[in-house]
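Colleague: Before I ask anything, here is the structure I am working with.
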């Protein structure tokens, strides 16, 4: 899954959303905090400017009354005002009962210039949230100070942060799911093309990409792909026709040559040397006719794509007969053939002659490329399939040519010394496909090969 384009694009889209969401979160929280703090600072500065003007125009008692009224108006628990001498004594202040742990101005205020505002934020033991303080030195050297508890605003900011974080998480999850869904649908046409290509790879040459008229680009791709498949199918059909015509044209003269050779063989004046040569000629004609017949059989199976003359076949008996047929050949080579079939007969709808020929070709192939060990023929039925397994301990098949062994006339380097046409496995493949099955291969050079003929289990 991790390699699919939809997954990678969704992951990329999700990462971008995460980065964007983190940026939005920090920008929003910082902007909100700064905006709130600026409002607090403006509020403190306006209040302190008014008090400074009143201090310059009135005496301390009236200023104390102003502090008291301003503190009550703003809330004595939330805000305080005080006037401090240069030696840090309180001249006058609002009610500081709730601000008992408020410290005197620190040393950094000693160099504070007259009229210059100084902002600071401190934490008090009695409060859970910071206190914002504005300090101004008056022309007479005294210090005018006002402070506000950021508690309510801080709680509001915390709630805002929580809501914003939850909203961004929801947007992230929703956006990722939506993006994945959109990508999944957008690439649906590509999947249809891929599925059709896989069917073509499984020799379903009639498969075509369905046109759904949902996206013009995908439909154009599907139409171009289908046109290419139609052209390829036409070329393959023409090639098969040419091959079949050549095979038919060759079969007739070869048959006539064989007939002439047989006639020469039975003539009384034919010498022993001529009889030997004629016998070789007849044998080679038979082999050539067999090759031609095999080519025609493969072409017919591939053209029809299904089995003719089907009947109920006892695969258990078929495997048993095949093993008995090849046991003498195996003994001559010093090999052993083992049979593993269940006690209950396994039945299949098919053509017994074709199935017997496919099984014989695989066993014969195993005998040709095994010099020692055991050839095992087993039969089992499971998960809706019937499997015929032929395993040997021979030379094995190199990995790089395993995908080619079912092609017509293909012979590996190790096959050159063995007599054959390179059509045996091609015929096996065509027969099994015509029965709706497949041929699986597991092989490792030096350890042997394992052919599995897999058939769909159909009701008998």
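Colleague: So which residues in the stretch 256-266 are surrounded by 11 or more Cβ atoms within 10 Å (Cβ to Cβ) and out of contact with any helix residue (DSSP H, G or I) (no Cβ under 7 Å at 6 or more places or on another chain), if there are any at all?
Modeller: Selection gives 256, 259, 260, 263.
Colleague: Right, another one. Answer with yes or no whether residue 14 is closer than 30 Å to residue 177 by Cα, surrounded by 16 or more Cβ atoms within 10 Å (Cβ to Cβ) and at pLDDT below 75.
Modeller: Considered against the rule, which asks whether it is closer than 30 Å to residue 177 by Cα, surrounded by 16 or more Cβ atoms within 10 Å (Cβ to Cβ) and at pLDDT below 75, residue 14 comes out as yes.
Colleague: Give me a count of the residues in the stretch 290-314 that are in a loop (DSSP other than H, G, I, E, B) and at pLDDT below 80.
Modeller: 5
Colleague: Restricting attention to the stretch 236-254, and to residues there that are over 22 Å from residue 407 (Cβ atoms) and surrounded by 14 or more Cβ atoms within 10 Å (Cβ to Cβ), which single residue is modelled with the highest pLDDT?
Modeller: Among them, the one singled out is 254.
Colleague: Does the stretch 79-96 include one or more residues that are modelled with pLDDT of 70 or more, at negative phi and part of a helix (DSSP H, G or I)?
Modeller: Within the stretch 79-96 (the criterion being modelled with pLDDT of 70 or more, at negative phi and part of a helix (DSSP H, G or I)), the answer is no, since none of the residues qualifies.
Every residue, every condition in (1) under 56 Å from the mean Cα position of the chain (by Cα); (2) assigned to a loop (DSSP other than H, G, I, E, B); (3) at pLDDT 75 or above, yes or no:
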site: 102; (1), (2), (3): no, yes, yes
site: 119; (1), (2), (3): no, no, yes
site: 157; (1), (2), (3): yes, no, no
site: 170; (1), (2), (3): yes, no, yes
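Colleague: Based on what the data block shows, is residue 161 over 54 Å from the mean Cα position of the chain (by Cα), over 23 Å from residue 86 (Cβ atoms) and modelled with pLDDT of 70 or more?
Modeller: Taking the combined requirement at face value, the residue does not satisfy it.
Colleague: Can you pull out the residues in the stretch 368-395 that are modelled with pLDDT of 90 or more and in contact with a helix residue (DSSP H, G or I) (Cβ under 7 Å, 6 or more places away or on another chain)?
Modeller: Once the filter is applied, which keeps residues that are modelled with pLDDT of 90 or more and in contact with a helix residue (DSSP H, G or I) (Cβ under 7 Å, 6 or more places away or on another chain), the stretch 368-395 yields 375, 377, 379, 386, 388, 390, 392.
Colleague: Only one of 61, 66, 72 is modelled with pLDDT under 75 and in contact with a helix residue (DSSP H, G or I) (Cβ under 6 Å, 6 or more places away or on another chain). Can you tell me which?
Modeller: The unique qualifying residue is 66.
Colleague: Would you check if there is a residue in the stretch 285-308 being assigned by TED's automatic domain parsing to the domain that holds residue 386 and without any contact (Cβ under 8 Å) to a residue 24 or more places away in the chain?
Modeller: No, every residue in the stretch 285-308 fails to be assigned by TED's automatic domain parsing to the domain that holds residue 386 and without any contact (Cβ under 8 Å) to a residue 24 or more places away in the chain.
The values are calculated or read from the model by the stated rules, or taken from the named source; none is laboratory data. None of the values given here were measured: they were computed from a predicted structure. Neighbour counts run over all protein chains shown; Cβ positions are idealised from the backbone, glycine included.
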